[in-house]
1. Return the residues of the range 57-76 that are free of Cβ contacts under 8 Å to residues at least 24 places away in the same chain and either closer than 11 Å to residue 214 by Cα or part of a helix (DSSP H, G or I) (or both); say none if nothing qualifies.
2. For a quick check of your reading of the model, give me the residue pairs whose first member lies in the range 21-45 and is outside any helix (DSSP H, G or I), whose second is surrounded by 10 or more Cβ atoms within 10 Å (Cβ to Cβ), with beta-carbon atoms closer than 6 Å and at least 6 apart or on different chains.
3. Output the number of residues of the range 54-77 satisfying the condition of being within 21 Å of residue 123 (Cβ to Cβ) and surrounded by fewer than 23 Cβ atoms within 10 Å (Cβ to Cβ).
4. Please enumerate the residues belonging to the range 133-151 that are more than 20 Å from residue 175 (Cα to Cα) and part of a helix (DSSP H, G or I).
5. What is the number of the single condition among (1) at pLDDT 95 or above; (2) closer than 28 Å to residue 94 by Cβ that residue 222 does not meet?
6. For residue 167, indicate whether it is touching a helix residue (DSSP H, G or I) at 6+ places or on another chain (Cβ under 7 Å), touching a residue at least 24 places away in the same chain (Cβ under 8 Å) and either part of a strand (DSSP E or B) or at positive phi (or both).
7. Give the residue that is nearest to the chain's Cα centre (by Cα), with candidates limited to residues of the range 189-218 that are exposed (fewer than 13 other Cβ atoms within 10 Å of the Cβ) and assigned to a helix (DSSP H, G or I).
8. Might you check whether a residue that is assigned to a helix (DSSP H, G or I), buried (at least 17 other Cβ atoms within 10 Å of the Cβ) and in contact with a strand residue (DSSP E or B) (Cβ under 8 Å, 6 or more places away or on another chain) occurs anywhere in the range 97-111?
């Protein structure tokens, strides 16, 4: 890696480490308590939508995410996003304009992240890991649009949690076959082919091309789940 990359970056300090670590623990606890208290009162199922903050307004995926938000509300779901711009804004906008619940789990970042105006429930987080716990604890499904490192981080988290049984099995849906096909091929050839995941782990997710396909599959999964729970 070029030394130029490190110029101007003080990697020897981290201002988030407070002199008294016990106070930092209390701050983390306060985020858990507030988010659990506010999210736990919801009486409907929610779907988390992940995707790039850099997706431009009016683009193909932005428009698809707006449509997804509307369709989810029409199907009776609330929508959870990261609260920022791009795909997050689009899904929030669709839910908001359809008269549904649009929850934004906002994260404090030095760039990119600013709250979008389509949230009728907004929470703010300092810590990524607390935010990710909140996403998964209150999601009955996860729908993932094209995105960068942050989206892949959230996607890896949910795949790992479902694979290891740390959370209940929920639908995980990728929107945009063309975008995801290279990664999915790598999953199959390198991860499953190399014995790093089980072949059946490739069934943990579904790939679709449209918002309509995503919601149709989601509803099918939940109808099947309800039938399976009847004894």
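The values are calculated or read from the model by the stated rules, or taken from the named source; none is laboratory data. Being a predicted model, the structure only gives us computed values, none of them experimental. Note that each Cβ is placed from the backbone with ideal geometry, even for glycine, and that neighbours are counted across all protein chains shown.
1. If the condition is that a residue be free of Cβ contacts under 8 Å to residues at least 24 places away in the same chain and either closer than 11 Å to residue 214 by Cα or part of a helix (DSSP H, G or I) (or both), then 60 is the only one that fits.
2. Correct list of pairs: 44/78; 45/77; 45/140.
3. So the count comes out to 1.
4. 133, 134, 137 - these are the residues of the range 133-151 that are more than 20 Å from residue 175 (Cα to Cα) and part of a helix (DSSP H, G or I).
5. Status for residue 222: all satisfied but (1).
6. No.
7. Top of the filtered list is 203.
8. no
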